[in-house]
Every structure is written in structure tokens, then in C-alpha cells.
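Read through the structure below, which is laid out as C-alpha cells, and then see the notes.
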Amino acid sequence: MAMTKDEALLKAFRWENNEQDFDPSEGWSWEDVGVQPATLNGLVVDGLIKVVFKSNRYTKYSITDVGREIGNNLETIDKAGVEEAWETLEEDIDYDNLFSDIVGYGNIKELLTAVIQLEGQFHVLLLGPPAIAKTMFLNDIEGAMKSRAMFAIGSAMSKAGMWDKLAMDKPDVLLITELEKMAVYDIPGLLSLMEGGRIVRTKVNRELDLVIPCKVIADANRKTLLPIELLSRFSVQTLAPYNEQDFKKVVFNVLTRREGIEEQDALEIASSLVGRISDVRQAVRVARLSKLLGVRKSIELTIG
């Protein structure tokens, strides 16, 4: 879907406001704000932005006084719409059943349910070996909070403009899986975010300094790979491995609620895997293959 002029102007307006050292006489390029030149040309014709520099290689733009006035109005309307949407989402969250697909861990469910309702910062780290529902907690929060939550993978925090996206979306909660795989050079940024909600980033001709007081909820397999100063900012919650009975319940819940597997097949898969594996992800792979090959054949080929 093509970007409207209002959307394009709002993106440029926010970019100029977020760049502390922005000089209107130097302007910005279409790559900076993420708006195609054709759309920007339409804003130039409308007198909402102006060209401050042009060469054979690139063009630099800046918002006019009229454009800034309209951009400010659009920002006000957008924030009002977002706040109304967030209120609606808040009402739609069923806190009593937020983690109903996860077996056990009652204290952690109670803690996380309270944390995501807090106005201030509070950070939680779920710690333990693989396949014990750590990421399931994060997925449930993301599904319930929708646009108010942002999901990230520790090893990819620097990629795909993660910090830029965080600055643009301003989520209530940042969810990070595999925190121990986060690059060392990204940890100072996370420490700053967790300490006071501040995001500071410096690049050539571009600086970012914002306050986004979001909560951080993360998971990790081992805390030995995490620096002490990062651990100190978390309430660390250790999850114990599932026993066989609970593992069976978890597999059944995941397959029926998330994978759309019929209850009879889900029960057969869960019962067949008890005592053989302890990783729910393996059960999911069996279930997906079973749609084509049947339960028994899928277990034989996947588990052996």
C-alpha cells in the first residue's frame, strides 16, 4: 500500500524532531526518513517541504513552517489515536488467562501479569535450560499486548535498525529472547534503556537521544554469559525443568492452541514423546509433519 502524504509528512516531522543536531539548512534525504522521492515531490508541490540542496547524486529536503504546523497537528491526532487504541487493548487483555497455555510456574505468571500493568520500569529475566516455556511467556505477552510490545532476538539486536524501530514504536514492553547472545557493543545501550529509559545512539551526521521508559522482559539459557551490571537490573526468575506429567500437558496445550492439531492427535503425540524428549519444539516439529504423514510416521522420522 502506497504511503499517503500525511504519513510521509509525519515521518519527516518526527525525524526532524528526533535529530538533536538537525540543521534545516542542511536538510535530510529520502533515505533518512524512509519516504520515496515521488511522495516527497508531492509534498514540495504542496509547499509542506522544500528542497534545500540538489545535485545529480542526491536531494536534501526540509519541512516548511506550514509543513511543521500541519505535522504538529498530525502528531497530536496520531498520539490521541494511539492512546485510544492502547486503552482498548488494555481492556481487551484477559489477565486471568494470559498464560493459560503454560503449565505451572504460578509465581512467575503472577509476577509478569503485574509487571506489564505497571506504569514504571520493572525488568524480568527468565532463566533456565531450553524447552521450559521461557519463550512461551514472551510470546503470550506479545500476543496480548500487540503493538505495545516489541519482540527481539538477542543476536539480532543490532540488525535491521532495531534501535531505530524501538525509538519509532516506543513500546511499553521490550521482549528479548536469547539475551546471552546479544553483542557486547549493544549491552551499554540496553543498560541505559533499563536504567532510565534513555536511548542514545550516535552515527555520522545522525544522533538519537530519547527517553522511552519501557520494561524489558527477557529470557536466557545461562546467566554466566551475562555481565553482572546487566543482571543487576533484572528480577531474575529461574524456571525448573518440567516433570513428565507437566511436559505432556504443555505439549498438548501448545499443539491444540497454537498449531491447530486435533485433540486426539495432540494427545497421541504428547503421550508418545513423554520420557523420550524434553523439548517442546521437537513436539511441534512432529505435529507439523504429522499433518502430512500421520503421527506414528512423523515420530519415527523425527525422533527415531
Mind checking whether some residue in the stretch 48-64 is touching a residue at least 60 places away in the same chain (Cβ under 8 Å) and of a type outside the set (Gly, Ala, Ser)? no
Among strands (runs of 3 or more DSSP E) entirely inside the stretch 206-294, those with 2 or more residues being β-branched (Val, Ile, Thr) are 215-220, 235-238
How many residues does the stretch 157-183 contain that are of a type outside the set (D, E, K, R), part of a helix (DSSP H, G or I) and more than 18 Å from Leu125 (Cα to Cα)? 5
Does Leu191 fit the bill of being at pLDDT below 90 and in contact with a helix residue (DSSP H, G or I) (Cβ under 7 Å, 6 or more places away or on another chain)? no
The stretch 41-69 - residue that is hydrophobic (A, V, I, L, M, F, W, C) and closer than 15 Å to Trp15 by Cβ and, of those, surrounded by the most Cβ atoms within 10 Å (Cβ to Cβ): Ile49
Which of the residues that make up the stretch 34-65 are touching a Lys or Arg at 6+ places or on another chain (Cβ under 9 Å) and part of a helix (DSSP H, G or I)? Thr39, Gly42, Leu43, Val44
How many of the residues making up the stretch 125-156 are under 15 Å from the mean Cα position of the chain (by Cα) and not in a helix (DSSP H, G or I)? 5
If Val200 satisfies all but one of (1) closer than 21 Å to Met168 by Cβ; (2) in contact (Cβ under 8 Å) with a residue 40 or more places away in the chain, what's the number of the condition it fails? (2)
Restricting the search to the stretch 91-120, which residues are buried (at least 16 other Cβ atoms within 10 Å of the Cβ), touching a residue at least 60 places away in the same chain (Cβ under 8 Å), of a type outside the set (Val, Ile, Thr) and not in a helix (DSSP H, G or I)? Asp101, Gly104, Tyr105
Hey, among Leu190, Leu179, Leu166, which residue is in the same structural domain as Ser232 (by TED's automatic domain parsing), touching a residue at least 12 places away in the same chain (Cβ under 8 Å) and under 20 Å from Ala131 (Cα atoms)? Leu179
Residues of the stretch 107-122 classified as at pLDDT 95 or above, more than 17 Å from the chain's Cα centre (by Cα) and within 16 Å of Ile212 (Cα to Cα), total: 0
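The values are calculated or read from the model by the stated rules, or taken from the named source; none is laboratory data. None of these values were measured; they are calculated from a predicted model. Counting neighbours? That spans all protein chains shown, and the Cβs are built from the backbone with ideal geometry, glycine included.
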